[in-house]
Amino acid sequence: MEFIQTLLANQLVVSILLSALPLVFIILMVLVVLYTEMKVAAHIQDRVAYMRTGWHGVLQPIADMLKLLQKEDIIPTKADKLLFRAAPFIAFTGTYVAYAVLPFSSIYIGSNINLGAFFLVAAGSLVVIGILMAGWASNNKWSLFGGVRSAAQMISYEIPTALAVIIAVMITGSLNLQEVTKFQDGGIGNWLVFGGPLPWMQKLMLMPFTVITFFILFVASIAEVNRTPFDLPEAESELVQGFNTEYSGMRFAMFYLSEYANLFTVSAVVVSLFLGGWSSPFGAFMSGPVWGVFWFTSKAFLFILIQIWIRWTLPRLRVDQLMYVSWKVLTPWLFVCIFAVGLILVI
Amino acid sequence: MSSIGTYFYNIFHSLYTVVVGMRITIKHLFTRSATVQYPTVKMKIPERARNRLFVNIDDCIGCDQCAMACPVDCITIETIKSTPDMDLGMTSKNTKKRLYLPRFDIDIAKCCYCGLCVWPCPTECIVMTDVYEFAEYDRKDLIYSFSNMTEEEIAAAKVRLEQYNQEQAAKKAAAVPAKEPAPPAANPLPPSVPDIGKA
């Protein structure tokens, strides 16, 4: 970063450039994820998905994006105009802000603040406001249902997420994601899923609890991005399109972008907290700032793939089942884990 | 089972069923997809598939049986009798053709592809082909005309028939006075039917 700073010798330009970098990444990443999702979905159902636009339809996401850009931006007459207009931007801001604290590589992190993990959890709730706002402003019963469901769901699942983050923080002793990742550097054995780089006795005792925590964080993160089996805010078969029923064109595209960008964020959180972030699984081999980006994104993509796989396997949960999973299963289990991890770390 | 037992059972059961489902989906991810890339790759059509109708007009004798059989009345046939001095040729089944066909229209948009018109045809000139891609932008284009007669030919045939009919009428008129009116035939009464009710 200092290198670029000296190169351009202008603080403002550098800040703008560096903050635009994740945006470019998001757009490229969303194109890839869209394509992957459609292809995986099709092949799971023994279909082939799009084949016409380019080789095996690789240009289709770009075509889709251009189509969305050209569409008319319809605002319902009875809608709350200001909130309706603002909602997609707030949702996207919540998503984008989270990218500031993601450690893409040992030298690149948007903002190296000490409260990284906390900031991520907080930024996640900004998306809820955007979605609830969209649901309310649309003045449509389905949208409102979607928005309210989304609020209930995301607030419920913030708790398991935060508790799981706490366990990672307890072991590493830092809220800074860069520090958390550095703590796990040096091979697959040092990752927090496997107990982190601690004495082997402690590590062995920690392992079952970290594995459970890791798993719960993963489940909660799927719920936080509103994807099947937790896609109640959208629930096509019940709520038309949920909170984004009334949206079209560019504003719909913003929600779409936000959803897929969020997908990467939660995967990145899981990866940087429990799977060593940018650190190479082979220790010193293939590690370095550039390899770091590679490992970070490929690990996150693995999780995105698993999420897609789950999406095309499981049916949607009922509302009460959703609450049951969060409050009666995930949260109590995490309390047990927190207690056990604390005990192990003390002795 | 105690309620705490049910709680743990539910958790492990749900995890187990998720794994089962995910195993099935990943298996399908790597099986060959069933899609046929239609316009570029076409499926083989069964040998006796019923699709677009075709009429070999050279074999048609204008018997109108196909139009009669049609349940949706999509076949329209008009005929003009030929005069004895004209030879319309033979069909491939060695049937003499006696009728001109100024019009043989099939409205394929109405056709229900039942194939009922194919069976009565004595010369096997109306058949169902395996062509199934014949969408049109205008419904009028779906009316297929199989007649190969030009306007002049139709007019000429009509004129000839008219002349012939007039000649025949003239002959008849000339022959009528010579003919004796036929004696009224003895109209036998129908045999009395025995009353069925009493029998």
Average the reciprocal distances over every distinct pair of alpha-carbons in the protein assembly as shown, invert the result, and give the Kirkwood radius in Å. 30.4
In whole angstrom, the spacing between the Cα centers of the range A:245-283 and the range A:105-169 equals 12
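Would you tally the net charge around A:Ala223, using a Cβ to Cβ cut-off of less than 11 Å, leaving A:Ala223 out, and scoring K and R as +1, D and E as -1?
Working: positive: A:Arg227; negative: A:Glu158, A:Glu224, A:Asp231.
Result for the local shell: -2.
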For n ≥ 4 DSSP H runs only, could you compute -39500 (n - 2.57) per run for chain A, divide by its residues and tell me the 222 nm figure to the nearest 500? -22500 deg cm²/dmol
Give me the percent relative contact order of chain B, please, defined on Cα pairs under 8 angstrom at least 6 residues apart. 22
Using a simple charge model, +1 on the beta-carbon of Lys and Arg, -1 on the beta-carbon of Asp and Glu, nothing else, what dipole does the protein assembly as shown show about its Cα centre, in debye to the nearest 20? 940
Any idea how far apart B:Thr17 and A:Met286 come out in nm if each label point goes 7 Å out from Cα toward Cβ? 3.8
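Explain nothing, just the number: relative contact order of the range A:1-146, from Cα pairs under 8 Å at least 6 residues apart, as a whole percent.
Dividing the mean separation by the residue count of the range A:1-146 yields 21 percent.
As a test of the formula, what do you get for chain B when each DSSP H run with n ≥ 4 contributes -39,500 (n - 2.57) and the sum is divided by the residue count, at 222 nm and rounded to the nearest 500 deg cm²/dmol? Please report the intermediate quantities before stating the final value.
Numbers: 3 runs with 57 residues, N = 199.
One gets -10000 deg cm²/dmol as the mean residue ellipticity at 222 nm.
Once the Cβ-Cβ distance between B:Met86 and B:Ile45 is put in as r, and R0 is 51 Å, what FRET efficiency do you end up with, to the nearest 0.05? Let's see the in-between values first.
Values: r = 41 Å, r/R0 = 0.81.
Once rounded, the FRET efficiency stands at 0.80.
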Mind checking the dipole of the range A:21-100: about its Cα centre, +1 per Lys or Arg Cβ, -1 per Asp or Glu Cβ, Debye to the nearest 20? 120
Partner shielding of A:217-225, as the mean number of partner chain Cβ atoms within 10 Å, equals 0
Can you work out the FRET efficiency for the pair B:Ser33 and B:Glu167, with r the C-beta to C-beta distance and R0 = 60 Å, to the nearest 0.05? 0.25
Can you list the HN-Hα couplings for the range A:123-139, worked out from phi with the Karplus curve (6.51, -1.76, 1.60; θ = phi - 60°), rounded to whole Hz and with x for Gly and Pro? 5, x, 6, 5, 4, 4, 4, x, 5, 4, 4, 4, x, 6, 5, 5, 6
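With a cut-off of 8 Å between alpha carbons and a minimum separation of six or more residues, what is the relative contact order of chain A in percent? The partial results should precede the final answer.
Working: 535 pairs, mean separation 78.6, N = 347.
This gives 23 percent for chain A.
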C-alpha long axis of helix B:151-175 to longest principal axis of chain B, angle in °: 40
Residue separation between B:Glu78 and B:Phe134 times 0.36 nm, minus their alpha-carbon distance, gives in nm 17.6 nm
To the nearest 10 degrees, how steeply does helix A:141-172 sit against the main Cα axis of chain A, on a 0 to 90 scale? 10
Packing-based ranking, highest mean first, of A:312-325, A:36-49 given that Cβ atoms within 10 Å are counted: A:36-49, A:312-325
Yeah, chain B with a ≥ b ≥ c from its alpha-carbon gyration tensor (a/c under 1.5 is rounded, else prolate when a/b outruns b/c, oblate otherwise) is oblate
When a/c is below 1.5 the answer is rounded, else prolate if a/b is larger than b/c, else oblate, so apply that to the range B:53-152 with a ≥ b ≥ c taken from the square roots of the Cα gyration tensor eigenvalues. prolate
A student applying the Cα gyration tensor rule (rounded when a/c is under 1.5; otherwise prolate if a/b is larger than b/c, oblate if not) would label the range A:1-144 oblate
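Sum up the charges of everything whose Cβ sits under 14 Å from the Cβ of A:Val121, counting Lys and Arg as +1 and Asp and Glu as -1, but leave A:Val121 out. Display every interim value, and only then the final one.
Numbers: positive: none; negative: A:Glu158, A:Glu224.
Once positives and negatives cancel, what remains is -2.
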Taking A:278-284, A:77-83, A:88-94 and ranking on average Cβ neighbours within 10 Å, highest first, one gets A:88-94, A:278-284, A:77-83
FRET efficiency (A:Phe294, A:Phe335; Cβ distance; R0 45 Å; to 0.05) is 0.75
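Each reported figure results from applying straightforward, stated rules to the coordinates on display, with no laboratory input. Since the model is a prediction, treat every value here as computed from it, not as a measurement. A quick note on method: Cβ atoms are made from the backbone with ideal geometry, for glycine too, and the neighbour counts reach across all protein chains shown.
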